[in-house]
Amino acid sequence: MLSDHWLVRREAKHLTAEDAGAGADPRVAHERYRRLRSSQAVQVALDMHDITDAVRVAQAAADAGADLIEIGDPLIEAAGLRAIEQVKTAVNDTPVVAEMMSADWGRDQVVLAAQAGADIVQLIGPATAASVRAAVDAGRRLAFPSSLTPLPTAATDG
């Protein structure tokens, strides 16, 4: 709980909540996300290249009551996964969506985004069915909410 790293503090808080009996069910995050999807929600996309500006916009959006903060692929490309860490630290309890372009390594992107602190990972772009399955399996293993809606493409295998 006294660590300088926000992710360690979050995990310690989660473990403390589990010990108290609250939050022990991994379906809680899924249910929270499902409820957001079933209603109107404000999601602010940080599709920019400057991390300092992105953190400032994210803080303002969270303070104004945005339901979700999306770290867009352009920001992740420009600043790397530290963009997820810095924005998550800045917005605290507002769920963070990591939107990442993926073709072949969706599973690895889900794991990396989770390690950086994303609450939700959204993979965009063409991908094989095998890549999508691997990403979904990784998300389930890490207790990410899922809203998979596959679109038929020439790249899918069935």
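Phi angles across region 44-50 convert, under the Karplus curve 6.51 cos²θ - 1.76 cosθ + 1.60 with θ = phi - 60°, into 3J(HN,Hα) values of 9, 9, 9, 8, 9, 10, 9 Hz, Gly and Pro given as x. Take the Cα of D67, step 7 Å toward its Cβ, do the same at L2, and the gap between the two points is 4.0 nm. Amide H to amide H, with H built 1.01 Å from N, M101 comes under 5 Å of I124, counting only residues 5 or more places away or on other chains. Per residue, the convex hull spanned by the Cα atoms of region 35-115 measures out at 96 cubic angstrom.
Per residue, the average separation of C-alpha pairs within less than 8 Å and at least 6 apart gives region 32-119 a relative contact order of 27 percent. Shown in residue order for region 131-138 are the 3J(HN,Hα) couplings computed by the Karplus curve 6.51 cos²θ - 1.76 cosθ + 1.60 at θ = phi - 60°: 5, 5, 4, 5, 5, 5, 4, 5 Hz (x for Gly and Pro). For the pair I124 and R56, a Förster radius of 22 Å applied to the C-beta separation gives a FRET efficiency near 0.35, rounded to the nearest 0.05.
All of the numbers you see were taken from the coordinates with simple rules; none came from a lab. The structure displayed is predicted, hence computed values, not measured ones. So basically every Cβ, Gly included, is an ideal-geometry build from the backbone, and we count neighbours across all protein chains shown.
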